[in-house]
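In what follows, a structure is listed as structure tokens, so that the remarks can point back to it.
The values are calculated or read from the model by the stated rules, or taken from the named source; none is laboratory data. Because the structure is a prediction, the values reported are computed rather than measured. For neighbour counting, all protein chains shown are included, and Cβ atoms are generated from backbone atoms with ideal geometry for every residue, glycine included.
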Amino acid sequence: MNNQNKKIIKIVVSVLIGIVFLIVSFSFFIIFAFSTIRAALWILLCLSFVSIILFLIFWNVINRKKVNLLLFIPVICLIIGMIITGHHVKVQKIPTIAEENILFQSYKTFIESDFIVKLDNESDYKINDNIPVLDGATALYPVYASLAQAVFQEMNDNFDDFVLCSRTDGAYENLLQGYADIIFCAQPSQSQLQMFADNDKNLKMIPIGREAFVFFVNIENPVNNLTIENIKEIYSGKIKNWKKLNGNNKGIMAFQRPENSGSQTMLKKITDNISLEKPRRENVTEGMGEIINQVAVYRNFSNAIGYSFLYFTAEMVKNDKIKLLSIEGVFPSKETIQNNSYPLSDNFYAIYIENDRKNENTEKFVEWILSNQGQYLISQTGYTPISDF
């Protein structure tokens with residue numbers, strides 16, 4: 001075979017190698033183009049491109065076998081890319097617990113649903129016009145949805161306009177802006193209180209029930225109890241391994257909630273506002289492929305710990321892969337909330353702005369919530385009423 005033929009064969013082989021590599025590498029990149037690992041795949045892709053180009057150049061001008069070693073770079077990059085994507089897919093299959101996962105349609109008002117709680121008889125109080133707009137925390141949506149259904153005039157087509165669920169942070173913002181008349185939340189954070197003070201608005205907070213703040217771990221975790229001091233040490237970073245809490249020799253993966261959420265405000269309250277470790281964050285794809293960085297959603301790794309409120313965790317999520325922890329030796333339940341033995345029990349509130357321009361039905365509705373019928377609905381929903389009925 002003459003040199004001319006050898007050169008042609010080299011060029012053909014070079015082109016074939018380049019085409020195969022392009023197909024394989026681009027298929028990986030396209031599949032995971034909008035995932036949280038795209039930056040790593042992009043680096044591997046660029047490194048592979050450079051090595052392939054160098055190989056094609058040197059293979060045709062330098063007659064040395066060492067040039068072939070350049071081919072190991074894209075092969076290694078491809079293997080690493082497969083490992084990364086494989087791990088990414090495996091992690092994505094680990095169950096999550098997030099407010100965004102809740103199917104609110106199950107709790108919608110004025111529909112036939114086994115989830116929404118109803119009174120046995122007609123409500124003593126009805127609102128037929130000038131209906132106040134309700135908003136609140138995710139975990140409390142079943143409560144104020146059932147209260148609305150009992151009192152508001154039936155409105156099959158537009159109940160979403162009057163019974164919102166913007167989560168805690170959004171609910172406080174809607175209350176401030178006048179888009180909501182009453183919100184149902186845990187007590188506000190310091191920054192939320194300051195937000196209303198800066199706008200010369202006085203918050204009226206009426207306790208209407210009690211709820212437990214709970215911590216949960218993977219069901220295989222041998223740890224069953226924490227003290228409040230343990231919680232402080234975990235979230236401040238002093239305790240980093242479950243072994244120190246009589247658990248497995250695994251680093252603690254402590255998830256947090258976004259700032260100004262009801263559960264994050266509660267965490268800061270029970271930890272006396274000590275300096276918390278920075279929360280885990282993750283890249284999340286928004287519309288049009290935009291990547292944003294936000295507080296990581298709880299993912300049920302074997303070494304993870306998270307927190308929320310009892311009803312949200314036990315009734316709305318119902319994840320059999322997690323378990324609730326006792327705190328100071330007391331397990332969270334309706335009974336331990338009611339007798340005040342569970343140490344992380346707290347009130348939740350109906351909150352409105354006290355001024356002359358408030359909806360005329362706001363105070364009357366809140367008064368009814370504190371009546372026997374309102375407290376009965378709170379109890380039947382799964383929460384602990386603020387008073388006997």
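Checked against (1) surrounded by fewer than 18 Cβ atoms within 10 Å (Cβ to Cβ); (2) among the charged types (D, E, K, R); (3) on the phi > 0 side of the Ramachandran plot, GLU220 meets all criteria but (3). Quick check, is PHE331 closer than 16 Å to VAL223 by Cα and at pLDDT 85 or above? It is true that PHE331 is closer than 16 Å to VAL223 by Cα and at pLDDT 85 or above.
Yes/no matrix, rows are residues, columns are (1) acidic (Asp, Glu); (2) within 19 Å of VAL366 (Cβ to Cβ); (3) under 21 Å from the mean Cα position of the chain (by Cα):
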{"residue": "GLN149", "(1), (2), (3)": "no, yes, no"}
{"residue": "PHE162", "(1), (2), (3)": "no, yes, no"}
{"residue": "ASP200", "(1), (2), (3)": "yes, no, no"}
{"residue": "LYS204", "(1), (2), (3)": "no, yes, no"}
{"residue": "PHE213", "(1), (2), (3)": "no, no, yes"}
{"residue": "VAL223", "(1), (2), (3)": "no, no, no"}
{"residue": "GLU229", "(1), (2), (3)": "yes, no, no"}
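Summed over the range 335-359, residues that are in a loop (DSSP other than H, G, I, E, B) and either of a type in the set (Gly, Ala, Ser) or farther than 27 Å from ASP198 by Cβ (or both) total 6. Is there a residue in the range 246-259 that is surrounded by 19 or more Cβ atoms within 10 Å (Cβ to Cβ), free of Cβ contacts under 8 Å to residues at least 60 places away in the same chain, in the same structural domain as CYS185 (by TED's automatic domain parsing) and part of a helix (DSSP H, G or I)? No: the range 246-259 contains no residue that is surrounded by 19 or more Cβ atoms within 10 Å (Cβ to Cβ), free of Cβ contacts under 8 Å to residues at least 60 places away in the same chain, in the same structural domain as CYS185 (by TED's automatic domain parsing) and part of a helix (DSSP H, G or I). When ASP135, ASP160 are screened for being of a type in the set (D, E, K, R) and part of a helix (DSSP H, G or I), only ASP160 passes. The residue list ALA145, ALA197, ALA180 contains one member that is in a helix (DSSP H, G or I) and surrounded by 21 or more Cβ atoms within 10 Å (Cβ to Cβ), which is ALA145. Can you tell me which residue in the range 260-279 is surrounded by the most Cβ atoms within 10 Å (Cβ to Cβ), limited to those that are touching a residue at least 60 places away in the same chain (Cβ under 8 Å) and assigned to a loop (DSSP other than H, G, I, E, B)? Going through the qualifying residues, I end up with SER261. Looking only at residues in the range 360-389 that are among the small types (Gly, Ala, Ser) and in a helix (DSSP H, G or I), the one that is farthest from GLN338 (Cα to Cα) is GLY374. Pairing residues of the range 319-335 that are outside the structural domain of PHE216 (by TED's automatic domain parsing) with residues that are modelled with pLDDT under 90, at Cβ distances under 8 Å and at least 6 apart in sequence or on separate chains, gives no pairs at all.
The set of residues in the range 210-240 that are part of a strand (DSSP E or B) and within 14 Å of PHE301 (Cα to Cα) comprises PHE216, VAL217, ASN218.
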